[in-house]
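Written below as structure tokens is the structure these notes are about.
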Amino acid sequence: MGKTKQKYPSNGYFGIGILNAENEQNIGTLWRSAYILGASFIFTIGAKYKKQSTDVVKAWSKIPLYYYSDFEDFYSHVPHDCKVVAVEMDERAGDIIEYEHPDRCIYLLGCESIGLGGKVMDRCHDKIFLPGHYSLNVAVAGSVVMYDRYSKIGGVLPKKET
Ligand SMILES: C[S@@+](CC[C@H](N)C(=O)[O-])C[C@H]1O[C@@H](n2cnc3c(N)ncnc32)[C@H](O)[C@@H]1O
């Protein structure tokens with residue numbers, strides 16, 4: 001069989017989700033940004049959420065929405081050669097301004113009250129923080145990360161529906 005000559009528009013993908021999210025509106029807002037900014041999938045860990053009113057684009061109907069029961073469940077389903085990137089205000093994290101986003105990765109955000117926690121951070125391949133002395137809303141933080149990725153390496157945005 002000959003080699004495929006097909007060229008793909010992108011050399012990578014990313015997913016984004018929240019560990020033990022507490023506020024349903026934040027989840028919907030993150031899903032909406034994720035779809036608009038080119039995520040390949042979205043997920044929640046620790047809680048099953050149905051559609052959210054803040055997700056006006058109905059991201060769940062256009063890209064896969066996965067549920068994982070806990071961090072171990074999530075971690076055991078990370079795709080081959082895909083980095084898990086912790087997004088957290090943490091002394092071990094590097095400044096997103098200098099961060100080179102991997103072609104294939106999953107951005108993991110923490111819950112509104114306690115964030116990601118040290119044990120989860122330890123398991124993540126990369127760790128990044130965003131500028132500021134106070135923590136951002138989790139959906140805002142995720143949206144900034146996705147914009148940063150798009151501004152640095154581009155990606156495939158969904159076509160506008162007519
Ligand atoms: C509201 S914050 C959690 C704050 C929590 N009270 C704490 O002090 O750890 C929720 C999530 O948003 C993300 N986040 C917010 N601000 C951030 C920042 N400046 N850098 C990186 N992640 C941030 C992280 O994923 C965080 O776990």
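The values are calculated or read from the model by the stated rules, or taken from the named source; none is laboratory data. Everything numeric in this text was worked out from a predicted model, so none of it was measured. All Cβ positions, glycine included, derive from the backbone under ideal geometry; neighbour counts span all protein chains shown. Only protein heavy atoms, including side chains, enter the accessible area calculation; ligands, DNA and RNA are left aside. Shrake-Rupley method; radii C 1.70, N 1.55, O 1.52, S 1.80 Å.
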**Study point:** Long-range lysine pairs (8 or more apart or interchain), region 13-153, Cα under 13 Å
**Key:** 4
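Quick check on region 13-153: take the gyration tensor over C-alpha atoms, sort the square-rooted eigenvalues as a ≥ b ≥ c, and tell me if it's rounded (a/c under 1.5), prolate or oblate. It would help to have the intermediate numbers written out before the result.
On the way: a/c = 1.26, a/b = 1.21, b/c = 1.04.
Rounded is the answer for region 13-153, as its axis ratio a/c remains below 1.5.
At a 1.4 Å probe radius, carbon and sulfur cover how many percent of the accessible area of the chain? Walk me through the numbers before you get to the answer.
Working: 5080 of 9700 Å².
Carbon and sulfur atoms account for 52 percent of the accessible area of the chain.
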**Study point:** Mean ellipticity per residue at 222 nm, deg cm²/dmol - from DSSP H runs of n ≥ 4 across the chain, formula -39500 (n - 2.57)
**Key:** -7500 deg cm²/dmol
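Counting GluC sites (Glu not before Pro) as exposed when in a DSSP loop with at most 10 other beta carbons within 10 Å, what is the longest stretch of the chain free of them? Can you show the working numbers first?
Details: sites that count: 91, 100, 161.
For GluC sites (Glu not before Pro) (loop position, at most 10 other Cβ atoms within 10 Å), the longest site-free span of the chain is 1-90.
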Study note, to complete from the structure: Probe 1.4 Å, heavy atoms of protein chains only: per residue, the accessible area of the chain in Å² is 60 Å²
